[in-house]
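K.L.:
If you scroll down you'll find the structure; I have some questions about it.
Read-outs throughout are calculated quantities, based only on the coordinates presented, and are distinct from any laboratory measurement. Only a predicted model underlies this, so the values are computations on that prediction, with no experimental measurement involved. Counting neighbours? That spans all protein chains shown, and the Cβs are built from the backbone with ideal geometry, glycine included.
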Amino acid sequence: MKKNHTTYYILLASILLAGFILILSAHPDRGLQMSLVIGLSFAYVLVGILHHLINHDLVAKIVIEYVLVASLGIATAFFVFKGGFGF
């Protein structure tokens, strides 16, 4: 039987959209924006891990994947907020 993950996707999309709006609304304050990105990344990891825990398919590989994707997001935001390539 196929599991329905619609609720999970709606929750995740809502969290990411709300985080994106908050980051945009904190525009001049780069420190606050970076804090919001880090908080959003933690929320992403937490929701993903809880989703897999509830569905009884949580393994270390999945946790590492969520942490790496969140770390990539944080590194990208840091790079952009610090001026990118300087162009």
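K.L.:
What are the ³J(HN,Hα) couplings of the stretch 28-41, residue after residue, when phi is run through the Karplus curve with 6.51, -1.76, 1.60 and θ = phi - 60°? Round to Hz, x for glycine and proline.
P.N.:
x, 8, 5, x, 5, 4, 5, 5, 5, 4, 5, x, 5, 5
K.L.:
If each residue's Cβ is checked for other Cβ atoms within 10 Å, how do Leu32, Leu68 rank with the fewest at the top?
P.N.:
Leu68, Leu32
K.L.:
Here's a follow-up. Please give the length that would be gained between Thr6 and Ile38 if that part of the chain were fully extended, namely 0.36 nm times their separation in residues minus their C-alpha to C-alpha distance (nm, one decimal).
P.N.:
9.0 nm
K.L.:
Okay, next question. I need Ser35, Ser14, Ser41 ordered by Cβ neighbour count within 10 Å, fewest first.
P.N.:
Ser14, Ser35, Ser41
K.L.:
Putting +1 on Lys and Arg Cβ atoms and -1 on Asp and Glu Cβ atoms, find which of Tyr9, Leu40, His27 reaches farthest to the positive end of the dipole of the chain.
P.N.:
Tyr9
K.L.:
Ranked by Cβ crowding within 10 angstrom, fewest neighbours first, how are Val67, Val59 ordered?
P.N.:
Ranking Val67, Val59 by Cβ neighbours within 10 Å, fewest first, gives Val59, Val67.
K.L.:
Another question, then. Roughly what angle does helix 6-25 make with the longest principal axis of the chain, taking Cα atoms, 0 to 90 degrees, to the nearest 10?
P.N.:
With both axes taken from Cα atoms, the answer is about 10 degrees.
K.L.:
Hey, of (i) 3, 14, 27, 27, 16, 8, 4, 1, 0; (ii) 3, 15, 21, 16, 13, 9, 7, 5, 4, 3, 2, 0, 0; (iii) 2, 13, 20, 22, 17, 11, 8, 4, 2, 1, 0, which did the structure itself give for P(r) over Cα pairs in 5 Å bins from 0, in percent when calculated?
P.N.:
(iii)
K.L.:
Could you work out how far helix 60-81 tilts from the main Cα principal axis of the chain, as a 0 to 90 degree angle to the nearest 10?
P.N.:
That works out to roughly 20 degrees.
K.L.:
About the Cα centre of the chain, what is the dipole size in debye to 20, counting +1 per Lys and Arg Cβ and -1 per Asp and Glu Cβ, all else neutral?
P.N.:
Once rounded to the nearest 20, the dipole reads 100 debye.
K.L.:
Another question about this same structure. Name the residue from Phe85, Ile74, Ile54 whose Cα lies farthest towards the positive end of the charge dipole of the chain, charges +1 on Cβ of Lys and Arg and -1 on Cβ of Asp and Glu.
P.N.:
Ile54
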